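Step one of this worksheet: look at the structure below.
Rule-based calculations on the coordinates, nothing more; no lab input. Please read all numbers here as calculations on a predicted model, not as lab measurements. Every residue, glycine among them, receives a Cβ derived from its backbone with ideal geometry; neighbour counts consider all protein chains shown.
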Amino acid sequence: MNITYSPCELCPRRCGADRRQTAGFCGAGDTVKIARAALHHWEEPCISGTAGSGTVFFSGCTLKCVYCQNYRLSHENFGKEISVGRLAEIFLELQEQGAHNINLVTATHYLPSVLEALTLAKPKLHIPVVYNCGGYERVETIRALEGFVDIYLPDLKYYDAGLSEKYSGARDYFPVAVAAIGEMIRQTGGLRWDEKQPSLLERGVVIRHMTLPGAKEDSFRILEEIAGTFPRHSYLISLMSQYTPFYKSSLYPEIDRRITSYEYGKVVDKTIELGLTEGYMQEKSSAKEEYTPPFNLSGV
C-alpha cells in the first residue's frame with residue numbers, strides 16, 4: 001500500500017481525494033493540524049499511569065460520529081497547522097515533560113506525516129507510541145504502522161450495521177474494525193508490561209467499547225464477538241460508561257441522554273459472564289463533560 005495523500009486511500013472511506021489540492025472526507029489537507037499536545041490523565045490506568053500520557057489530538061476525523069465529544073476537532077477541524085519537524089519536536093517535548101508514552105489521537109488521515117515525524121524523533125524517543133483510534137481502519141494502513149506503534153487503543157463501537165450507518169455513516173464498521181484489531185493483536189504479539197513500573201503497558205492492545213443509550217443488546221453482541229474471535233490474554237478490555245450527549249445527539253432522541261445504571265450494569269454482567277475480566281470497567285459516574293480536555297492549542 002502506498003502511504004500517500006494523493007489519491008488518498010488511507011482510511012476505509014478511500015475517498016481518493018488529492019489532498020494536496022483539496023480536503024478529503026476527513027476534512028484535512030496534506031498539512032498536519034493539531035489542537036492540543038499535553039499530558040493527559042484520563043486514559044486507562046495502564047496508559048496514563050501517574051505522570052500522564054503524552055497526548056496529541058489531531059484535527060479532522062475519518063469516522064465523524066454524530067455524538068462525538070471532540071466534535072470541535074472531528075467535525076469542525078479546529079486546530080493549528082504545523083510542520084512535520086515541529087510534530088517530531090512535540091513528541092520529544094512530551095517525553096521531556098515525563099510522559100509515559102506518546103499518544104496519537106485520531107491520526108490516520110495524517111499517516112504519511114506522522115510516520116515521517118516518528119522517524120525523525122525515533123533516535124531520541126525512548127517511550128512507547130500509542131495509536132488511539134475509532135477502530136475503523138484499513139488493515140493495510142495498520143500494517144504500515146508496524147515498527148512504529150507499541151500500543152493500540154482502538155474503539156469497537158458497533159456490531160449492528162444499522163447503528164454504525166445511522167450514527168457514523170459506516171455500514172461496514174464492524175467487519176472492518178474486527179479485521180483491523182486482529183492485525184493490531186498480531187503485530188503486538190500479546191501484552192507486555194513495563195519491568196520498572198509493572199502497572200504500565202509497554203506493548204499490546206486495549207479494546208475500548210462505550211455503551212450507547214438503548215443499545216445494550218448491541219454491546220452484548222460486540223462482547224460475544226470479542227470473546228469468540230480474539231485469543232484470550234492477548235488484549236485488554238476497556239468497558240466505558242462515559243457516553244454524554246454531544247454535538248448532534250439532540251437530532252436522535254434515542255441517544256439524547258446518558259445511559260442508565262441498569263443498562264450499564266447489564267453490560268458489565270455480560271462482560272463478566274464471558275470471562276472478559278482482563279482490563280477495566282469504568283464507574284457509571286464517569287459520564288462527565290469534564291473528562292473532555294480543553295482544546296486550546298496547548299503545547300502546539
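Order the peptides 192-199, 8-15 from the highest to the lowest mean number of other Cβ atoms within 10 Å of their residues.
Working: 192-199: 11.8, 8-15: 20.5.
Put in order of decreasing packing, that is 8-15, 192-199.
Beta carbons within 10 angstrom, averaged per residue: use that to sort the peptides 28-40, 157-169, highest first. List each step's numbers first, then the result.
Values: 28-40: 22.2, 157-169: 18.8.
Per-residue mean Cβ counts within 10 Å order the peptides as 28-40, 157-169.
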- line: For region 43-95 the mean separation of alpha carbon contacts under 8 Å (6+ apart) over residue count, i.e. relative contact order in percent, is 30
- request: Whole Å is fine, so just give me how far the alpha carbon centre of region 133-189 lies from that of region 201-231.
  value: 12
Net charge of neighbours whose Cβ lies under 14 Å from the Cβ of S59, counting Lys and Arg as +1 and Asp and Glu as -1: +3
- prompt: Using the count of nearby Cβ atoms within 10 Å as a rough guide to exposure, how do H109, H209 rank from fewest to most?
  reply: H209, H109
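So, with +1 on the Cβ of K and R and -1 on the Cβ of D and E, and no other charges, what is the size of the charge dipole of the chain about its Cα centre, to the nearest 20 debye?
Working: 32 positive and 36 negative charges, 86 e Å.
The calculation lands at about 420 debye.
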- prompt: What dipole magnitude, in Debye to the nearest 20, does region 48-175 give about its Cα centre under +1 on Lys/Arg Cβ and -1 on Asp/Glu Cβ?
  reply: 140
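Using just the helices of the chain, give the 222 nm mean residue ellipticity in deg cm²/dmol: DSSP H runs with n ≥ 4 each add -39,500 (n - 2.57), and the total is spread over all residues, rounded to 500.
Numbers: 9 runs with 89 residues, N = 300.
Helix contribution divided over all residues of the chain: -8500 deg cm²/dmol.
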Relative contact order of the chain, pairs being alpha-carbon contacts under 8 Å that are 6 or more residues apart, as %: 17
- prompt: Let a ≥ b ≥ c be the square roots of the eigenvalues of the Cα gyration tensor of the chain; is it rounded (a/c under 1.5), or, if not, prolate (a/b larger than b/c) or oblate?
  reply: rounded
Positive-end residue, the chain charge dipole about Cα centroid, Cβ charges, pick of F58, Y158, W193: F58
query: Within region 154-195, whose backbone N sits under 15 Å from a point 7 Å along Cα→Cβ of K248?
result: 163-171
task: Rank V105, G79, Y280 by how far each Cα sits towards the positive end of the charge dipole of region 33-291 (+1 on Lys, Arg Cβ; -1 on Asp, Glu Cβ) and give me just the farthest.
output: G79
message: Cut-off 14 Å, label point 7 angstrom out along Cα-to-Cβ of R143: give me the residues of region 1-38 whose amide nitrogen falls inside.
response: 1-3
- prompt: Is region 188-300 best put as rounded, prolate or oblate by its Cα gyration tensor, with a ≥ b ≥ c the root eigenvalues, rounded for a/c under 1.5, and otherwise prolate when a/b is larger than b/c, oblate when not?
  reply: oblate
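In the chain, what % of DSSP beta bridges are antiparallel (nearest 5)? Don't skip to the end; give the middle numbers.
Numbers: 10 of 33 bridges.
Counting DSSP beta bridges with both partners in the chain, the antiparallel share is about 30 percent.
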